[in-house]
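Accompanying notes for the structure given below.
The values are calculated or read from the model by the stated rules, or taken from the named source; none is laboratory data. Quantities reported herein were computed from a predicted structural model and do not represent experimental measurements. Don't worry about glycine lacking a Cβ; one is built from the backbone with ideal geometry, like all the others, and counts go over all protein chains shown. For the accessible areas, the whole protein counts, side chains as well, though only heavy atoms, and no ligand, DNA or RNA atoms are used. Shrake-Rupley method; radii C 1.70, N 1.55, O 1.52, S 1.80 Å.
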Amino acid sequence: MKCMLINPSNSTVYGMSMPLPYPPLGLLYVAATLEKEHEVCVYDYDIDLGNDEKLKEAIQREKPDVVGLTANTAIIASAKNIAKVVKEVNKDILVFIGGIHATMDPDYCIKVNDFDFVLKGEAEYTALALISHLRDSKFEEINGLWFKRNGEVVRNKEADYIENLDELPFPARHLVKNPSAYTPPNAKRLPVTVMMTSRGCPGRCTFCCTKNLLGSRFRFRSPENVVKEIRHCVEKYGIKEVHLVDDVFTFNKERVFKIRDLMMESKLDVDFVLFNGVRADQVDMPVLMALKSLGVYQLGFGCESGSQEILNNIKKGEKLETIRNAYKMAKEVGFETWAYFVLGLPGETEETLKETIKFAKEIDADFPKFHILAPYPNSDVYKELMKKNLIDDFDYEKYGIHTKPVHHLPGLSAEDMVRWQKKAYQSFYLRPRIIWKNIKRVRSFTQLKLNFKSAMFILRQAGIFSKKGFIKQTAKV
């Protein structure tokens with residue numbers, strides 16, 4: 001069988017034109033699993049195609065039996081469009097959709113005429129079983145699969161999580177057509193690869209969907225397997241930096257120490273970034289020292305809010321003092337520090353927003369980010385807001401990271417949230433001390449280019465710069 005995997009356009013994810021940071025890791029895992037028995041090709045709509053005409057040409061050229069798509073909520077419209085184009089080229093090509101949106105809202109996906117199958121949860125083995133059964137149509141035997149039989153929806157039972165992650169092949173990086181076209185954020189050295197060494201998060205944060213896709217139990221690859229993949233990337237692709245997308249890389253401290261030891265023994269010249277950050281309650285000084293020895297040079301924590309009340313509301317399970325101590329230790333070790341905040345969470349008021357901005361200044365992270373909540377379908381926070389009739393827009397294209405809020409709160413409109421987001425960026429980044437510190441930080445031409453892009457992003461978020469130039473605007477908090 002010939003399978004064509006396509007990453008939909010991400011143009012709506014950020015609410016602005018931004019380059020893609022990484023190739024689609026999830027699709028590359030599926031591709032590597034399918035390659036064992038089938039012919040596979042991978043396309044990234046934004047990078048490799050760019051428009052529907054080139055998509056049609058690629059479909060006609062590849063002549064796939066099945067097309068596989070992945071999508072988060074913000075790009076499900078692009079996935080639907082791609083499926084429509086596939087059927088226009090050849091109505092007999094079967095189309096499946098997987099990923100976080102398919103897992104969170106399979107009822108929505110299975111109702112799309114051009115989606116023949118929906119894959120819930122981890123998709124590697126579900127996709128392999130699906131394609132292996134295309135000829136005999138014994139789809140009822142495949143866990144994690146929803147499909148349509150004679151116009152009726154068949155919902156198979158949930159698929160089990162993959163217990164032994166070491167048995168998965170390394171992602172099919174060799175199928176990425178234009179690896180140099182991706183722009184990894186905040187990289188110090190190029191080329192960069194993206195990697196996942198564990199799955200699942202025990203956290204209970206109400207706004208997060210990780211537990212729905214990857215489960216609440218921490219599952220991990222062995223340190224030996226991780227270092228083997230890193231060596232493969234260095235020797236085959238010349239990788240200088242690895243960006244880890246684990247949600248809780250430091251959950252198992254002994255594993256962190258073992259990976260550190262094996263990397264030091266390997267003599268591989270690689271730096272690391274923990275792209276999704278870590279939990280403040282999962283680090284101590286020995287762990288931070290191990291990360292530093294491993295080659296991690298920047299470290300971020302999911303702060304979410306500077307209000308303990310908000311943290312309690314979202315079941316974060318952390319105290320503000322724990323977060324303060326984590327930043328204190330991280331600075332002592334010498335990390336560049338990042339902080340991730342979510343504005344507009346349940347219970348948010350102007351007073352809690354002021355607390356968040358004050359807290360961001362107090363912990364003095366080098367690069368705080370202030371995102372506005374996107375209540376993804378069927379997440380805990382989505383259900384909570386729905387019960388209170390606080391969600392105003394159900395157009396999934398507007399559920400991007402930096403798009404206008406789709407909800408309001410008692411006493412806070414969507415416009416209020418955007419205004420406070422701008423205040424947060426202005427109040428933090430436009431201080432002379434911070435500006436000078438960031439200028440001194442540049443150590444290489446690569447950093448200069450990426451820091452310039454980051455600066456332009458921050459200025460846009462602060463409402464001070466647009467594509468047309470600077471906007472005269474200041475804010476006092």
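Below is a table of values for the structure above.
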{"item": "Residue pairs meeting the criteria (Cβ under 7 Å; at least 6 apart or on separate chains; first farther than 30 Å from L268 by Cβ and in contact (Cβ under 8 Å) with a residue 40 or more places away in the chain, in the stretch 293-321; second among the basic types (K, R) and crowded, with 22+ Cβ neighbours inside 10 Å)", "result": "E304/K316"}
{"item": "Matching residues in the stretch 167-182 - criterion: being loosely packed, with under 13 Cβ neighbours inside 10 Å and in a helix (DSSP H, G or I)", "result": "E167, S180"}
{"item": "The listed residue being touching a Gly at 6+ places or on another chain (Cβ under 7 Å), farther than 17 Å from G203 by Cβ and surrounded by fewer than 20 Cβ atoms within 10 Å (Cβ to Cβ), out of K354, K358", "result": "K358"}
{"item": "One residue from K422, K383 being part of a helix (DSSP H, G or I) and farther than 30 Å from K211 by Cβ", "result": "K422"}
{"item": "Identity of the residue in the stretch 13-41, in contact (Cβ under 8 Å) with a residue 40 or more places away in the chain and either farther than 24 Å from D246 by Cα or in a strand (DSSP E or B) (or both), that ends up most open to solvent (accessible area, probe 1.4 Å)", "result": "K36"}
{"item": "In the stretch 249-266, the residues that are surrounded by fewer than 19 Cβ atoms within 10 Å (Cβ to Cβ) and among the basic types (K, R)", "result": "K253, K258"}
{"item": "Listing of helices (runs of 4 or more DSSP H) fully contained in the stretch 79-150 that carry 1 or more residues being open to solvent by less than 20 Å² (accessible area, probe 1.4 Å), under 24 Å from P375 (Cα atoms) and among the aliphatic types (A, V, I, L, M)", "result": "100-104, 106-110"}
{"item": "Scan of the stretch 183-197 for residues that are within 14 Å of the chain's Cα centre (by Cα) and open to solvent by less than 20 Å² (accessible area, probe 1.4 Å), ordered by number", "result": "P184, V194, M195"}
{"item": "The lone exception for Q60 - which of (1) open to solvent by 40 Å² or more (accessible area, probe 1.4 Å); (2) assigned to a loop (DSSP other than H, G, I, E, B) it fails", "result": "(2)"}
{"item": "Test set (1) open to solvent by 10 Å² or more (accessible area, probe 1.4 Å); (2) at pLDDT 95 or above; (3) touching a helix residue (DSSP H, G or I) at 6+ places or on another chain (Cβ under 7 Å) - N212 fails condition number", "result": "(2)"}
{"item": "In the stretch 392-417, residue farthest from A77 (Cα to Cα) [restricted to those that are buried (at least 18 other Cβ atoms within 10 Å of the Cβ) and among the hydrophobic types (A, V, I, L, M, F, W, C)]", "result": "L412"}
{"item": "Filter pass, V333 being hydrophobic (A, V, I, L, M, F, W, C), at pLDDT 95 or above, under 24 Å from F428 (Cα atoms) and open to solvent by less than 30 Å² (accessible area, probe 1.4 Å)", "result": "yes"}
{"item": "Extreme residue, farthest from A339 (Cα to Cα), among residues of the stretch 291-320 that are more than 22 Å from the chain's Cα centre (by Cα), small (G, A, S) and crowded, with 20+ Cβ neighbours inside 10 Å", "result": "S307"}
{"item": "Index of the failed condition, K388 passing every other in (1) at pLDDT 95 or above; (2) buried (at least 21 other Cβ atoms within 10 Å of the Cβ)", "result": "(2)"}
{"item": "Cβ-Cβ under 6 Å pairs, at least 6 apart or on other chains, the stretch 246-263 side within 13 Å of V278 (Cα to Cα), far side of a type in the set (S, T, N, Q)", "result": "D246/T197; D246/S198; D247/T210; D247/N276; T250/Q282; F251/Q282; V256/T250"}
{"item": "Top-ranked residue of the stretch 361-378 - restricted to ones that are of a type outside the set (D, E), assigned to a loop (DSSP other than H, G, I, E, B) and out of contact with any Ser or Thr (no Cβ under 7 Å at 6 or more places or on another chain), ranked as most open to solvent (accessible area, probe 1.4 Å)", "result": "N378"}
{"item": "The lone exception for T474 - which of (1) open to solvent by 30 Å² or more (accessible area, probe 1.4 Å); (2) modelled with pLDDT under 60; (3) touching a helix residue (DSSP H, G or I) at 6+ places or on another chain (Cβ under 6 Å) it fails", "result": "(3)"}
